[in-house]
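Here's the structure, in structure tokens; my notes come after.
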Amino acid sequence: MSEIPAKATESKDPSGGASAADAGAAATGASRRAWGAGGPVGGDAIRDATRETTRDTMGDPVHDTTRDTAQDRARDVTGDPMWQSSPPGSIYDYIKVASFSIGPDGLVDQWSLRAEKIFGIPAARAVGMDPIEAFIDPDLRERGQRKMAEILDGREWTGVVPFRVREPEPGEEGRREGLAEVYVMPTRTEEGERAAVCIVVDVRTLRQMETDLAASQAIFGQSPFGFLLIDTELRVRRANQRFASIYGGDVDDHRGRGVYDYLRSPEAERVSATLRRVLETGDSITDMHITGFVPGSDERRHWSVNLYRVHSGTGRPIGVAWLALDITARRAAAREAAAARRNLALLNEAGSRIGNSLDLETTARELLDVVVPGFCDLATVDLYQGLLAGDETPPGLADGSAELRRVAFASAVSDAPFAGGQEPVSVGAVHHFPFNSPCADALRTARAQFVPAEDNGAIQSTLAVPMVAHDTVVGLAQFSRTKGSEPFGERDRSLAWELAARAAVCIDNARLYRREHERALILQRSLLPPGDPEASGLDIACRYLPGNAATEVGGDWFDVIELPGNRTALVVGDVMGRGLRAAVAMGELRTAVRTLALLDLEPAEVLSALDEIARGLGTPGGVQQATRAARQPRDADLSEVYLATCIYAVYDSVTRRCTFANAGHLPPVLVEPGEDALMLDVPPGMPLGVGGEPFEEVEVELPEGSLLALYTDGLVESRDHPLDEGLQAFVGALRDPSQQLEDVCDHVLSTLDTHHGEDDIALLMARVQGLPADSVGDWTLPREPRSVGRAREYTRTQLTAWGLEPLIDTTELLVSELVTNALRYGEGEIRLRLLLDRMLVCEVWDAGLVQPRRRRARDTDEGGRGLQLVGLLSAAWGSRRTPRGKTVWFELPLPDAGTVLADPAEALLSLF
């Protein structure tokens, strides 16, 4: 009974039973009726059912059930589809089609392996079972018996039948219920008895497969991604419409193509290796980026590809699914965003790093530190030499032909020269660009230019960017990238312009600051005595040092002013604050001090007048407004007042007495021979500009050979130590006053170097050398006419003793005029004093308060020409107040001084 189906299919006699072709045709009709509206699955299911029927009934005598070689696949495509086995991954891996036969007695007499899998009953138990009793529900068995009788009578039957499976035995597989599509074909045994062959398909599997295939077809066909199914030979088995729309042609045109048909080496090699790895390992690849080109376009495209291995229903790997998304636009957007972030980062870094110094070269190097290597590989900065020298509009500035100086260079690669044919220029060298070069054009037009790269050179892209600040081109910055880097684009040009502009503003600010600073230094130096000044009876040495930073001018000053009567005014002051404002205030105060000193006022009077002037510097109305305000209660902000400290001392070389007045300054230091240095007890007073308090005077006699030191607080004050410590260190450094003053100054500065802060330092040191007694002639004359002749006699005798015979006539004439005026207009006794030092000084003292006034006498006047004569014959003359009257004086140069004296006779005649 088990051989009936095979024999029936091999029978060629129509009267002997149905052949295999008949069985296939019947299966086709049955499947069409069973599937009805089964959609695109129906045709494949029919063919697969036919093949499965043939395999189950005939044992597939032509081919094996599995083949993996390329030759077998070629036969699958070109051979007879009726006599070939299904390829791996075919529909038979998913649709389990089974067959069994029923004998004339209505019992199962043949049971296939697929039937065992579907029903879960081994053939040993299935053969001999009544299928109606075994699988049909009790309420349908009567109908089933009628159908079975009709089938055994020779009628075909197709239908969907629910079936029930008994409980499986231990170790058996099975289902409790199911729904089967059954196609029953009548046949006959060798004895001529009626029998039947049944083909069974699990309907639920078919329906699920139909749904899955429909969904798969929709996803594959409607997916917005490029979808490929690549077989184990890395050939395209199927492509969707999206992929075909990108690479052209129909979807069928891509079947059989390989990776090298779409990608170039070495990208194709990388992708092929990845596909093989996915096939071998089964590991999925997510978001693999692939770069290539599409037909008819030179634009580089980018795709994100996901790869995963695909298996058949039996678990056999049949290929790789390729899911690709074009990310060219996204990649470009990401690159734009990355470039924007990079540019913002560069601009932010430039804002924080460029301009921290007011030095031109430092600012240029800060720009290059930002751009190399973050923006370019090589960079230089050239600035106009004329602007660096202080010229506002150097020649050639407009046409770009002016000379430039290279102030900075940076390289991340090598010291290779820039493109454009120019010779290498070292830092600090002065050069100019050819008139027709891109660099000169950039300077002329104030626009960034692309510089062509030289053939076979290391530079592939260069930007020449003018550095524009306040509508003025101050220089040129060049940025270059070497071969292998991405060439400059428009976005890079905009960024380079912004970077250069920021640096240009800082450089221009530094240039302007340097110019103003140099002018301020010139102003400040011009207000200080040139070299070591000379004074009667004093050996003087001085030092002025700016602060450590050397970036600002200050308000420290010192001065040595020669006064009549072999006296000298020593001044040291310090305007509070720094910068040009303090330097200008210092200049005004220094000028005022010199003016007040020439009026021969007492030291306290000088400081009182300076105080009013200082308050006037901070008042719009000047000194008068400040004076009025000082007499009224005021709530002015002291920050608007120019505050300064000052010490003013007047030394008389005849008496070796020095009178001090102090306005908030540090006390002077005196070092006597053989004694330790000490700070003189001079009342400190209030700083200049505060007002409201009188100043006191202190008179000190200075021993011969003693050392007097005046200084500013920058020498002794620092943030690192208290002021008292600095003062003690200064006093301790003055232990040996016998040294040369220059050496003493150097020793003090080197010793106190650790205490030197950022303030300026002014140091004035004077060694006392009194005027010898034999260089002074002093007489008191009674108030009578004979004193005029006596004065001439004293003068002649003293000049003869000093060996100054050439000065006797002139001196007698001038002394006679001054004594005569004292008798006529003065009061009390008359005092005559002659002093011999670098000049011959003659002084006439009296108790009168009326100051002599020089006037121009008319031709008819008999007098009024005495002071005119004094002015004509003397080198200088004047008058000053004294505590008990006034003093009128004149000076004559010594004969060996090289000065030609005026002839008294000619001077007298010139007055008429």
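Brief remarks follow.
- Neighbour-count ranking [beta-carbon atoms within 10 angstrom, fewest first] of Asp377, Asp369, Asp283: Asp283, Asp369, Asp377
- Distant-in-sequence amide H partners of Ala180 (H built 1.01 Å from N, under 5 Å): Val161, Phe163, Val203
- Spatial offset of the stretch 256-333 relative to the stretch 348-390 amounts to 48 Å, using the alpha carbon center of each.
- Amide H contacts under 5 Å for Gly319: Val310, restricted to partners 5 or more places along the chain or on a different chain, H placed in the peptide plane at 1.01 Å from N.
- Per-selection Rg to Rh, the stretch 223-326 - Cα, Kirkwood hydrodynamic radius: 0.94
- The calculated FRET efficiency for the pair Asp105 and Ser223, based on their C-beta separation and a Förster distance of 51 Å, comes to about 0.35.
- Between the stretch 100-134 and the stretch 195-234, the Cα center-to-center distance that results, in Å: 29
- Length-normalised contact order of the stretch 223-326 in % [C-alpha pairs under 8 Å, at least 6 apart]: 28
- Counting neighbouring Cβ atoms within 10 Å and putting the fewest first, the residues Cys658, Cys745 line up as Cys745, Cys658.
- Rounded FRET efficiency, nearest 0.05, which uses the C-beta distance separating Val294 from Arg207 and R0 of 45 Å: 0.65
- Linear extension gain, Ala876 paired with Arg194, 0.36 nm per residue minus alpha-carbon span: 229.1 nm
- The ranking of Ser357, Ser787, Ser304 from fewest to most other beta carbons within 10 Å of each one's beta carbon is Ser357, Ser304, Ser787.
- All Cα-Cα distances of the stretch 357-519, cut into 10 Å bins from zero to the largest, leave 11, 44, 35, 8, 1, 0 percent in each bin in turn.
- Relative contact order (%) - criterion: Cα under 8 Å, at least six apart; region: the stretch 357-519: 25
- Here the stretch 141-162 and the stretch 454-523 have alpha carbon centers that stand 98 Å from each other.
- Calculated FRET value between Val413 and Arg353, using beta carbons and R₀ = 22 Å, to 0.05: 0.50
Readers should treat all values here as calculations from the given coordinates under stated rules, not as data from a laboratory. Here the structure is a predicted model, which is why all the values come from computation and not from measurement. Positions of Cβ are generated from backbone atoms using ideal geometry, with glycine treated the same way; all protein chains shown enter the neighbour counts.
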